Amino acid sequence: MKSENETKAPIGCAADGAKKLGFLNVDKPSGMTSSAVVNRIKRLTGLPCGHMGTLDPLASGVLPVGIGNATRLFEYFLNKQKEYIAEFTFGADSDTLDSTGELVRGGRIPTAEEIERVLPAFEGEIMQVPPKYSAKNVGGRRGYDLARAGVEFELEPKKVRIDEVALLGGEGDVFRFRIRCGGGTYIRSLARDIAGKLGTKAVMSGLRRTKSGYFKIEEAVPFDALTGENIEELIIPTESVLPYETIVLNGPRAEKIFCGVPVPTDYADGEYKIYRDGFFYGIAEVRNKRAKIKTKLC
């Protein structure tokens, strides 16, 4: 006879399946799309995959890729801080706001002192107009599709958060910046706007993402180093990247919550990791002294 503390392991939470659920911290090379990275990882793992936060083809650096059901956790990373090293070339403009577009030279080159004086205006919560060459949805179509087709349209400004924008140095018309910001910030738009504040033009000519929440460039795996033989050992366990405490329920409450029934608890309001038979099951949410499963991976 089964005791009230025993639970049946759900399908998909077997040891082999659990090992394959998680994240890869990939160092994306410049010149490759984020989708191309994901497609190769799908072939290597044989599992559904998805990336968190698109990097433009020009950009390199940290691209977190969710493996298997770990993609269900993307919503918990929406407000994570990102960090970039960006290169802006002043005295140039392009239709894409970066050096991959049709470049038009023109505009003065500001001094480092002039640039530093305007940077504080771009820290905090600011309104930013996304680039037309972006994945923004416009009437059911992507902005870049409309722009390539020569369709005239305007994008509404959106609120973004920039925690820091610091000038690291420069030579000639090229200046380097460190940028720490929230999700949804367009670095290409920042180049345009900083230059506009100085009465000139600029394009993003280089970009490397060095941090995306938990994922750091120092721990990223070069894309070319991924193989069918080593990829499984490089997968980071799903629960390792979530900064939540663990909720522990025993007896009948454990049975009920895994059946979708909210149960009483003394835990404070918030989100928690929850385990079942030693395997990471998903995210539980506590509201008003009631706990329920919010997102399950098994």
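Of Lys136/Lys296; Lys256/Lys296; Lys273/Lys296, which pairs sit farther than 21 Å apart, going by alpha carbon to alpha carbon? Don't skip to the answer; put the middle values down first.
Values: Lys136/Lys296 29 Å; Lys256/Lys296 14 Å; Lys273/Lys296 10 Å.
Flagged as over cut-off: Lys136/Lys296.
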note = For the range 191-279, listing GluC sites (Glu not before Pro) in a DSSP loop whose Cβ sees at most 16 other Cβ atoms within 10 Å gives Glu229, Glu245
Convex hull of the chain built on C-alpha atoms - directionally averaged projected area, nm² = 18.7
ask   = Given 0.36 nm per residue, what is the gain on full extension from Val174 to Arg141 after removing their alpha carbon distance, in nm?
value = 8.5 nm
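Given contacts defined as C-alpha pairs under 8 Å and at least six residues apart, what's the relative contact order of the range 24-106, whole-number percent? Present the calculation step by step, with values, prior to reporting the outcome.
Working: 100 pairs, mean separation 21.3, N = 83.
Over the range 24-106, the number comes to 26 percent.
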note = For the range 239-251, Karplus-derived ³J(HN,Hα) couplings (6.51, -1.76, 1.60; θ = phi - 60°; whole Hz; x for glycine and proline) come out as 5, 5, 9, 9, x, 10, 6, 9, 9, 10, 10, 10, x
ask   = Tell me, what is the percent relative contact order of the range 11-150, built from C-alpha pairs under 8 Å that lie six or more residues apart?
value = 16
Dimensionless Rg ratio for the range 41-142, taking C-alpha atoms and the 2.2 N^0.38 Å reference = 1.41
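Across every pair of different alpha-carbon atoms, what Kirkwood hydrodynamic radius in Å does the range 208-271 reach? Each step should come with its number before you reach the end.
Numbers: mean 1/r = 0.0638 Å⁻¹.
This gives a value of 15.7 Å.
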note = For the chain, longest principal axis from Cα atoms; helix 187-197 axis from its Cα atoms; angle between them, nearest 10 degrees, is 40
inquiry  = Helix 34-45 against the longest principal axis of the chain: what's the angle in degrees, Cα atoms only, rounded to the nearest 10?
reply    = 30
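Roll a 1.4 angstrom probe over the protein heavy atoms and tell me the percent of accessible area of the chain that is carbon or sulfur. Please list the in-between numbers first.
Details: 7300 of 14870 Å².
Here it works out to 49 percent.
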inquiry  = If you count only protein heavy atoms and use a 1.4 Å probe, how large is the accessible surface of Ile109, to the nearest 10 Å²?
reply    = 80
query = Using r as the Cβ-Cβ distance of Ala166 and Glu245, and R0 as 35 Å, what FRET efficiency do you calculate, to the nearest 0.05?
reply = 0.55
query = Amide H neighbours of Lys294 under 5 Å, counting only residues 5+ apart in sequence or on other chains, H built in-plane at 1.01 Å?
reply = Ile283, Ala284, Glu285
task = Determine the shape class of the range 78-134: with a ≥ b ≥ c the square roots of the Cα gyration tensor eigenvalues, call it rounded for a/c under 1.5, and otherwise prolate if a/b is greater than b/c, oblate otherwise.
result = oblate
ask   = What relative contact order, as a whole-number percentage, does the chain give when Cα pairs under 8 Å and 6 or more residues apart are counted?
value = 24
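The values are calculated or read from the model by the stated rules, or taken from the named source; none is laboratory data. Predicted model only: the values in this text are computed from it and were never measured. Cβ: placed from backbone, ideal geometry, glycine included. Neighbour counts: every protein chain shown. With ligands, DNA and RNA removed, areas are computed over all heavy atoms of the protein, side chains included. Shrake-Rupley method; radii C 1.70, N 1.55, O 1.52, S 1.80 Å.
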